[in-house]
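The next block holds one structure in the form of structure tokens; read it before the comments.
Every number in this text was worked out from the coordinates using simple rules, so none of it is lab data. Quick caveat, the model's predicted, so the values are computed rather than measured. Neighbour counts run over all protein chains shown; Cβ positions are idealised from the backbone, glycine included.
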Amino acid sequence: MRLESTAALAEMRDTLLETYAINDAMNQLILSNLDPRAWRAELPSQKRGGRTIGAIFAHLHNCRLVWLRNSASYLKCPAPLDPFRCTIKQAVVAHKKSTDQCLRMLTDALWATRERHVTKFSRGSWVPVWPAGGTMFCYMFSHEAHHRGQIIMLAHQLGFRLSPKVWGGIWNWNKLWKQVGLKTRPR
């Protein structure tokens, strides 16, 4: 099936961009309600290795920087986060900055014109480069959703369970849509 309508394509693009904007609202909801003791809490099994909650949030931000550097080098990258030393406050600020730049990158990548700057999506040197577009958005969103799930589960396992307001709040897209200042509702 091929979408022929320019209006339909524009609506789909706008919806994807709005969805990525609320992606960060989900992260910010967790960050603002996470017990600070959970940030660097020892993992249930140190033998297997793994990241702390703080390191996972740093990983999310730092992956965004890789995507930006490799796919939209004309955009300014915020500073990376040190997974072993960053604070919750630093993660809040860093995530807002990298979200803004990723939204700029996605806006360009999802624009169907010849003048766009973002034509490829590179996740790093160890994987193939993809054309920029819908798959790029899907990868970025699913990567963050995967790690959000890890964070919620890890907080629970560490004894710092997030409240239903938080773990349920990430599914309240109508509220998140308004929270980020979008004039529409999920569509």
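Remarks
- Computed over the chain, relative contact order equals 28 percent, with contacts defined as Cα pairs under 8 Å that lie 6+ residues apart.
- Three-way shape label, segment 120-187, alpha-carbon gyration tensor, a/c 1.5: oblate
- Cα gyration tensor category, rounded, prolate or oblate, for segment 1-87 with a/c compared to 1.5: prolate
- Karplus (6.51, -1.76, 1.60) ³J(HN,Hα), θ = phi - 60°, over segment 179-185, in Hz, Gly and Pro reported as x: 4, 8, x, 7, 7, 8, 10
- The sum of -39500 (n - 2.57) across all DSSP H runs of n ≥ 4, divided by the residue count of the chain, sets its helix-only mean residue ellipticity at 222 nm to -18500 deg cm²/dmol.
- Cβ-based charge dipole, segment 1-119, positive-most Cα from Thr6, Ser45, Val93: Ser45
- Each of Thr119, Ala132, Tyr74 was placed along the dipole of the chain (beta-carbon charges, centred on the mean Cα), and the one lying farthest toward the positive end is Tyr74.
- Taking 0.36 nm per residue of separation and subtracting the Cα-Cα distance, full extension of the segment from Trp130 to Ala8 would add 41.6 nm.
- Dipole magnitude (debye, nearest 20) for segment 6-140, charges at Cβ of Lys, Arg, Asp, Glu: 540
- Length-normalised contact order for segment 37-111 - Cα pairs under 8 Å, 6+ apart - percent: 30
- The charge dipole of segment 49-125, taken about its Cα centre with unit charges on the Cβ atoms of Lys, Arg (+1), Asp and Glu (-1) only, comes to about 40 debye.
- Rounded, prolate or oblate (a/c below 1.5 giving rounded, otherwise prolate when a/b exceeds b/c) for segment 21-167 by Cα gyration tensor: prolate
- Pairs over the 26 Å Cα-Cα cut-off, from the set Lys97/Lys178; Lys120/Lys178; Lys96/Lys120; Lys76/Lys120; Lys89/Lys120: Lys120/Lys178; Lys89/Lys120.
- Remark: segment 60-184 carries a charge dipole of roughly 280 debye about the Cα centre, counting +1 on each Lys and Arg Cβ and -1 on each Asp and Glu Cβ.
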